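Notes for the one structure printed next.
The values are calculated or read from the model by the stated rules, or taken from the named source; none is laboratory data. Since the structure is predicted, the reported quantities are computational estimates derived from the model, not experimental observations. Neighbour counts are summed over all protein chains in view; Cβ atoms, including those assigned to glycine, are modelled from backbone coordinates with ideal geometry. Please note that ligands, DNA and RNA were not included when accessible areas were found on the heavy atoms of the full protein model with its side chains. Shrake-Rupley method; radii C 1.70, N 1.55, O 1.52, S 1.80 Å.
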Amino acid sequence: MSQLNAMIEQWDEEDEQRRIGSRPRPVSEYFAVERPLLQPLPDEPFETGRLFSLRVDRFSQISVRTNRYSVPVRLIGRTLRAMLHASELVVYDGQQEVARHERLIAEGQTRLDLDHYLEAPVRKPGAFPGATALEQAPPQGSSRRSMTPGGRRQRPPTASGTAPGP
């Protein structure tokens, strides 16, 4: 690390003697004139993301630029703030963070988080079968059971090959 720091220091010294285009003086002389005019950096951090105010649609998603991201279903119809960074999207309801997604780069994509839809069966039984969020969810082991039309998990078959009764 010390060797790398020494190389950087050498590059800085070389750059101070560099001339820009046909200017008569090196970079270091122009900086000496500019240095007393510079203001100190602010104490508070500078936000580098882009802020959006977005309404949650009936599918519990927000649209940022050309892509869609899920938020918890309890927020359907609400207006939320979303901060789009270079590699992630952070969504806030007031001051509380409600969702965080890896940013989608290609246009027209959708990023869904299954946890955002877990309240749905309570509000709307039967909402999960065939749902995109369920299809995108990472598999939880090899014994993944499917859902019945009523929103309940199917029981595994017995040795006779039929599911046990209710």
Worksheet item: Sorted by packing (mean other beta-carbon atoms within 10 Å per residue), highest first, where do 14-24, 56-66, 86-96 land?
Response: 56-66, 86-96, 14-24
Fill in: Distance between modelled label sites at residue 38 and residue 22, nm, 7 Å Cα→Cβ extension
3.0
Worksheet, complete the sentence: Amide H neighbours of residue 99 at under 5 Å, excluding residues fewer than 5 places away on the same chain, with H built from the backbone geometry, are 91
Item to complete: Step through the residues of the stretch 75-92 one at a time and calculate ³J(HN,Hα) from phi using the Karplus curve (6.51 cos²θ - 1.76 cosθ + 1.60, θ = phi - 60°), rounding each to whole Hz and writing x for Gly and Pro.
Response: 9, 4, x, 7, 9, 10, 9, 10, 10, 8, 9, 4, 10, 8, 10, 10, 10, 10
Fill in: Around residue 107: net Lys/Arg minus Asp/Glu count, Cβ-Cβ under 14 Å
+4
Worksheet item: So, with a 1.4 angstrom probe, what is the percent of accessible area on the stretch 9-118 that is carbon and sulfur?
Response: 49
Worksheet item: How big is the equivalent ellipsoid of the stretch 1-86 along its three axes, where each semi-axis is √(5λ) from the Cα gyration tensor, reported in whole Å from largest to smallest?
Response: 49, 17, 14
Discussion item. Given a Förster distance of 22 Å, report the FRET efficiency between residue 110 and residue 87 from their Cβ-Cβ distance, rounded to the nearest 0.05.
Written reply: 0.80
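Work out how much length residue 47 to residue 31 would gain on full extension: take 0.36 nm times their residue separation and subtract the Cα-Cα distance, in nm to one decimal.
Taking 0.36 nm per residue and subtracting the Cα distance, the gain is 3.1 nm.
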Response to the item:
Rounded to whole Å², per residue accessible area for the stretch 1-131 with a 1.4 Å probe reads 74
